[in-house]
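Below is one structure, written out as structure tokens; the observations come after it.
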Amino acid sequence: MLQILRDKAQSTFIQIIVVIIALVFVFWGVGANLSGDRQAAIVVNDEEISFQDFQKAYDRAYQQLSDQFGGNVPKGLAETFGIKQQVINQLIQTALLRQGATEMGIFVSSEEVRQTIETMVQFQDNGGFSLEKYKSVLAANRLAPTKFEQSMRTDRLSQIGSREVSNFASVATNFEIQEIYSQMNEKIGLKYVKVSPASYTESVEINEQGLADWFETEKENYKTDPELKLRYLAFTNESVASKIEIDDAKIEQYYQDNPEEFVVAEQRHARHILFKAGEDASIETLQKQSEQAESILQLAKGGADFAELAKQYSEGPSKASGGDLGFFSKGRMVPAFEDAVFALSEGDISEVIKTRFGYHIILLEEIKPETTRPLDVAKNEIKKNLQAKEAESLTFQLANSAYEGIISAGSLAQYEAANPEAEIKDTELVTKNSCPADIKNDAEFIAKSFELNKGELSSLIKGQTGYAIFYAEDSKAPQIPEFDAIKEKLQQDYRKAESNKLAENAAKDLLATITDGTPFDEAVENLGLSPLESGLIGRNSQNADTEFPTSLIENSFLLSLSSPIAKEVGTVGSDYYVYTLMDRQVPTMPEDSEEADTYRTNLLNFKQQQLLSAWLRNLESSAKITQHQSL
């Protein structure tokens, strides 16, 4: 149908249909903003949540997601994260929380609302609440004081309800803390063997008939990619921007109006000596590393060559370069390290600094003060920025004008005849991977163009790099190649598949042999391999001293000394692992451990969150909840 409309765009009959459709859209309000609908978006036990409130919550969620990716997430892509359903769930739970709080007899007074508002910094002036500022801020955001205060009351009701329910979980026993500490810090030792397909490659025999039979079962995997022969117009922001003239006066004005963009922040050149002690380090490790750092600090402050000390004692990746970290500005390092560096003067050595990586001694070698790039240095950058800004709207105008011209002309060929200056490009039959760069570099162009059938014209496509219009002049469906044409690749793939089977079967047979009672070492050596040991590893171990795969560690902690053999072969990539538990060390938290309070706080937070979630689930199970069919 769409193609008929495109092909017959000049038909009077079609134009009449378009007018009728437009009138229907106007009278029935199709395409209007949902927030204008008088019906509720969601109803929770007779409490209505408007489309306006839904839209505001959605916009906030979208903005938060977009900010995480540098502020550039298309709405369509955002929906793949399921944010609409997340917003619906959040609004329902908040309504249930308010209703539950009311049922518990919680009431938020006008005085409490007033006190809360008076503490909000956005309404304060010279350190105190300003009624004038309160009214002006609300007016600027088109909010009436009564509506804002009601919103504050409902928000406060939710907060108190959440707090009161959570407070029912108020105890974390010493036994629970000890158990969590033991689980988090226990270590295990494993004996294992890796069975690799590479060891069986030479064992695979290939004959013509066997290869042909295998190809018959796998031939769908060897289909060629679909191909298209395209004619297209591409309007990229970059190409349009390059043709826009920007005079020197505009460049100079931009430079004067945006001085902060040309400030080069202060940079500092530092070296450091690191004694590793991660967040999961034991008390003994922390004490040992701290003491060593203090002793090396005395050497550094006593005049020893700092770079040589770093080469000898540092455990960081910059050890080989004498601890050299080069120049960096604020925001590049972890806070404690950064605070220390920017408090030093040139040539100063810090005290021992603790970060999540361990203990650091820092030498500040040089300071580059803040500077401002002169206009002649920033000129080209400003010009490109201004060109890009102007190109944003101009690119669409040019592309849309061309698309309307094609529709009016009745076809791309007729448009080309009437506009010989149009830069229409042609391809041979191409796959998605062999398209010209101006198509290939834009995922949206690729996706939309390869949805076309032969003889079909696309709509005006908005991509990441600009706009494009495609016409599929010819197409070639995926083909299964002839056996002889890909015989060499088939042999490689067949050998790989068969060696993988042999390795998998060998690993399964080995596991069965060990499970039946043959000693691990004996069974492994009978296979012509050597048993390996992991050393002691923790649950979240990134231990550089072991080659045992981290992806298998979680399952390994399910083993016990009474049932030490893994019941299934572990698979990592193309390799197979058979492993057994040798040792388990379950530590006890020292009575005077400084970690006890942290464990207690985290456990209480977890209990409270679990209790609140269970309470909300119970409310939701008995609630009457409806949502508008458009959501």
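Each value in this text was obtained by applying a stated rule to the coordinates, not by laboratory testing. Given the structure is predicted, the values throughout are model-derived calculations rather than measurements. FYI the Cβ positions are ideal-geometry reconstructions off the backbone, even for glycines, and counts take in every protein chain you see.
Checked against a 25 Å cut-off, the cross-linked pairs 56/383; 330/354; 191/496 give Cα-Cα distances beyond that limit for 56/383; 191/496. Take the alpha carbon atoms of region 222-239, find their center, do the same for region 124-153, and report the distance between the two centers in whole angstrom. About 55 Å separates the Cα centre of region 222-239 from the one of region 124-153. In summary, the helical segments of the chain meeting the span-like criteria, namely a full DSSP H run, a Cα extent along the axis of 18 angstrom or more and a mean Kyte-Doolittle hydropathy of at least -0.5, are 12-28, 83-103, 375-409.
Split the chain at each of the chymotrypsin sites (Phe, Trp or Tyr not before Pro) in a DSSP loop with at most 15 other beta carbon atoms within 10 Å, and the longest piece is 169-341. Between the alpha-carbon centres of region 77-113 and region 444-466 there is a gap of 42 Å.
For the pair region 241-299 / region 552-570, the C-alpha centres are spaced 44 Å from each other. Under a 5 Å amide H cut-off, with hydrogens placed 1.01 Å from N, residue 466 pairs with 237 among residues at least 5 apart or on other chains. Name the residues whose placed amide hydrogens come within less than 5 Å of the amide hydrogen of residue 474, ignoring near sequence neighbours (fewer than 5 apart) on the same chain. Close amide H contacts, sequence-distant or interchain: 229, 455. Which FRET efficiency value, to the nearest 0.05, do you get for residue 617 and residue 411 by plugging their Cβ-Cβ distance into 1/(1 + (r/R0)^6) with R0 = 45 Å? Step by step, r from the Cβ atoms, then E = 0.15. If a spin label sat at a point 7 angstrom from the Cα of residue 453 along the line to its beta carbon, the backbone N atoms of region 472-516 nearer than 15 Å would be those of 472-477. In the chain, the calculated helix contribution to ellipticity at 222 nm averages -15000 deg cm²/dmol per residue, counting -39,500 (n - 2.57) for every DSSP H run with n ≥ 4. Structural size metrics of the chain, computed from C-alpha coordinates, are Rg and Dmax of 34.2, 94 Å.
Along the Cα-to-Cβ line of residue 321, 7 Å from the Cα, sits a label point; which residues in region 344-366 have backbone N less than 19 Å from it? Within reach of a label on residue 321: 347, 360-366. Of the residues 339, 438, the one with the fewest other Cβ atoms within 10 Å heads the list, and the complete ranking is 339, 438. Fewest neighbouring Cβ atoms within 10 Å first, the residues 574, 556, 622 line up as 622, 574, 556.
Within the shell of other residues whose beta carbon sits under 15 angstrom from the beta carbon of residue 263, the net charge comes to -3, with Lys and Arg scored +1 and Asp and Glu -1. Under the shape rule built on the C-alpha gyration tensor, where the axes satisfy a ≥ b ≥ c, region 370-490 is oblate, since a/c reaches at least 1.5 while a/b does not exceed b/c. Relative contact order, whole percent, for the chain stands at 25, derived from Cα pairs under 8 Å and 6 or more residues apart. Checking every one of the trypsin sites (Lys or Arg not before Pro) in region 187-228 against DSSP loop status and a limit of 12 other Cβ atoms within 10 Å picks out 223. Of 432, 135, the sequence from fewest to most neighbouring Cβ atoms within 10 angstrom is 135, 432.
For region 411-566, averaging the sequence separation of C-alpha pairs within contact (under 8 Å, six or more residues apart) and dividing by the residue count gives a relative contact order of 10 percent. Multiplying the residue separation of residue 116 and residue 147 by 0.36 nm and subtracting their alpha-carbon distance yields 9.6 nm. The distance between label points at residue 106 and residue 627 comes to 2.4 nm (points 7 Å beyond Cα on the Cα→Cβ vector).
Here the gap between residue 584 and residue 182, fully extended at 0.36 nm per residue and compared with their Cα-Cα distance, gives a gain of 143.6 nm. Placing pseudo-labels 7 Å out from each Cα toward the beta carbon at residue 568 and residue 168 gives an inter-label distance of 3.8 nm. Each label point was placed 7 Å from the Cα along the Cα-to-Cβ direction; for residue 266 and residue 201 their separation is 5.8 nm.
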